[in-house]
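The structure under discussion appears below in the form of structure tokens.
Only the coordinates and a few stated rules stand behind these numbers; no lab work does. All values reported here derive from a predicted model rather than from experimental measurement. As a convention, Cβ positions derive from the backbone with ideal geometry for all residues, glycine included, and neighbour counts pool all protein chains shown.
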Amino acid sequence: MTITNKTKLAATVLVLAGLAIAIPSALQASKDAATLQGGMTSKEEVIRRFVAALSAGDGHALRTLQVTETEYRDIILPGAVPVGQPMRQWPEDVRGYFTREFIQKSQMVGANLLENYKGHQYQIESVTFERGTKRYSNHFAYVQLRLKLRDETGADHELATGSIVEIGGQYKFMSYLPG
């Protein structure tokens, strides 16, 4: 059997056509299988680590419990639509602006929480989510965490903070914004 230039060209076209189909499909699958880097396996674990970070005054630990700018910009913001709806397509500059503002405000609230709660050991007495659970296209949000804590002196504290997000069985704080 002789391989001609026509045969080589036809084979090349078929390979390229296959790649044209396979690459976008692979990219879409990777978006559909979004995950949170360094997320916890339960919201209870996120809450325990959150309270431990506050007790220790550990700002770095607190920041690692929150979604990154990339996770918020590329996963949460586009996916904040009802289940079954297409992902929201925001212009890059708009996504960047919303993300920076949201993360910065959340980190400011986190720093304030550290100042107010550091230096005590807390026992978690109760956990509620004031606004319940919301299902979005690619994630769940457990909205407006409310904690009742008891410190080592027996004093009770009520802590109002933000929401926890679940993506692909991984959990992190979406923000520390309480309202």
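Values for this structure:
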| quantity | calculated |
| --- | --- |
| Simple label model, 7 Å out from Cα along Cβ direction - Gln37 to Ile124, nm | 2.6 nm |
| Full-extension gain in nm, Arg150 to Glu69, via 0.36 nm per residue minus C-alpha separation | 25.9 nm |
| Cα-based reach from Lys43 at 14 Å (exclusive), listing aspartates and glutamates while leaving out same-chain residues under 8 positions away | Glu166 |
| Longest to shortest principal axis, alpha-carbon extents of segment 40-173, angstrom | 51, 26, 22 |
| Additional length obtainable on full extension of the chain from Val81 to Glu101, 0.36 nm per residue less Cα span | 5.2 nm |
